[in-house]
Amino acid sequence: MTAAPAHAPLLEVRDLAKHYVARGATLRALDGVSFDLARGEVLGIVGESGCGKSTLGRTVLRLVDPTAGSIRFDGEDITALSRRDMVRRRRDMQIVFQDPFGSLNPRHRVAEIVGEPLEVHEVGDRAGRRARVAELLDLVGLASDAGGKYPHEFSGGQRQRIAIARALALEPKLLVADEPVSALDVSIQSQIINLLAELRQRLGLAMLFISHDLSVIRHVSDRIAVMYLGRIVEIGPAAALFDAPAHPYAQALLSAIPHTDPARRRERIILSGELPDPANPPPGCAFHTRCRQALPRCVGEAPLLAARRTATGTRMVACHLHDVG
């Protein structure tokens, strides 16, 4: 298999859907998600709990199989790969989970945990794997004797460093970070965020960084995708989106961010109602039941994610308020 040209996106997702059927009802966890991810780029994924962020991360890696759509990774459509061929591809795409304790085997020493991907993929001999484990532990800022200890002997932040070391063992091109700091103390979160940012620069990693914490997303992302009820409703450069969000849902999310500068404070937008049931979403634009700017056409016509004219230029937005023409 030949890799895609260096200028081509590392990841191309088109019309990705993941549906679950239970008791005769279809829950649309993902409902037509499309985006590209450049090599070395960090795309932040943000939205309320239940919007499909984590499902997106797992589906892109094919930890769960999509219902429809395509996922092209490095020029190859991985939705068509067999399980055996996906094992080969997993060398290039890894994940860091939210709970660093739950994702580590408590019966294994750290050296075994970090070295397991090397054994599974038969990388190097025993001496070479030991040297690689030591290199990885140093890379994530852990002491040289960490390999002989068990996960319970470490703090939450240290355990997440172990998980990151394991994810980097095979030198992946893509890292999915699924709420990697939300289970950690606030005092430790910045250390892990800075570590990921440093590793991204040093190793040229592309990342999907999933979080509900807007301050974290802004700090680490080149671009940001805002999700609502299984769909991306806005995607654009991080600075532009934070300065002037275009979609009413993005505006409501970002209005909650406090500013010390009075000139930059926004009107606080309080969303009415709860997130609709994904098994029974509203017709038309799924956000129209909570949107204070909803138009009559929003009730029956779902807007497409497309280039729209906004106050700060053209951006990808799924909203009739910004329809061209």
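The values are calculated or read from the model by the stated rules, or taken from the named source; none is laboratory data. Predicted model only: the values in this text are computed from it and were never measured. Neighbour counts are summed over all protein chains in view; Cβ atoms, including those assigned to glycine, are modelled from backbone coordinates with ideal geometry.
Determine, yes or no, whether ALA167 is in contact (Cβ under 8 Å) with a residue 24 or more places away in the chain, closer than 20 Å to MET93 by Cα and assigned to a helix (DSSP H, G or I). Yes. Listed by first and then second residue, the pairs with beta-carbon distance under 7 Å, at least 6 apart or on different chains, first residue in segment 273-300 and over 11 Å from LEU229 (Cβ atoms), second of a type in the set (Lys, Arg) and assigned to a loop (DSSP other than H, G, I, E, B), are GLY273/ARG290.
Would you mind finding the one in ARG14, ARG23 that is surrounded by fewer than 18 Cβ atoms within 10 Å (Cβ to Cβ), among the basic types (Lys, Arg) and farther than 26 Å from ARG88 by Cα? Reasoning before the result, please.
Details: ARG14 fails: farther than 26 Å from ARG88 by Cα.
Matching residue, one of ARG14, ARG23: ARG23.
Count of segment 303-325 residues, restricted to those that are within 15 Å of VAL233 (Cα to Cα), surrounded by fewer than 19 Cβ atoms within 10 Å (Cβ to Cβ) and free of Cβ contacts under 8 Å to residues at least 24 places away in the same chain, is 6. Residue count for segment 61-90 satisfying the condition of being without any contact (Cβ under 8 Å) to a residue 24 or more places away in the chain, part of a loop (DSSP other than H, G, I, E, B) and among the hydroxyl-bearing types (Ser, Thr, Tyr): 1. The single condition from (1) part of a loop (DSSP other than H, G, I, E, B); (2) on the phi > 0 side of the Ramachandran plot; (3) touching a strand residue (DSSP E or B) at 6+ places or on another chain (Cβ under 8 Å); (4) not aromatic (Phe, Trp, Tyr) that GLU48 fails is (2). Within segment 91-132, the set of residues being in contact (Cβ under 8 Å) with a residue 60 or more places away in the chain, among the charged types (D, E, K, R) and either loosely packed, with under 14 Cβ neighbours inside 10 Å or farther than 14 Å from ALA163 by Cβ (or both) comprises ARG91, ASP92. Does SER182 count as over 14 Å from GLN98 (Cβ atoms) and not basic (Lys, Arg)? No; evaluated as a whole, the condition is false for this residue. Number of residues in segment 151-178 that are buried (at least 21 other Cβ atoms within 10 Å of the Cβ), of a type in the set (D, E, K, R) and under 17 Å from the mean Cα position of the chain (by Cα) equals 1.
Within segment 94-126, the set of residues being part of a helix (DSSP H, G or I), at pLDDT 95 or above and over 30 Å from LYS53 (Cα atoms) comprises ALA111, GLU112. Scanning segment 272-299 for residues that are crowded, with 19+ Cβ neighbours inside 10 Å and touching a helix residue (DSSP H, G or I) at 6+ places or on another chain (Cβ under 7 Å) returns GLY284, CYS285, PHE287, HIS288, CYS291, CYS298. Annotation: ASP178 fulfils all but one of (1) out of contact with any Ser or Thr (no Cβ under 6 Å at 6 or more places or on another chain); (2) of a type outside the set (Ser, Thr, Tyr); (3) in contact (Cβ under 8 Å) with a residue 60 or more places away in the chain; the unmet one is (1).
From LEU27, LEU43, which residue is farther than 30 Å from GLY148 by Cβ, more than 19 Å from the chain's Cα centre (by Cα) and outside any helix (DSSP H, G or I)?
After ruling out the rest, the residue left standing is LEU27.
For segment 67-126, give me each residue that is within 22 Å of the chain's Cα centre (by Cα) and polar (S, T, N, Q). Passing the criteria: THR67, SER70, THR79, GLN94, GLN98, SER103.
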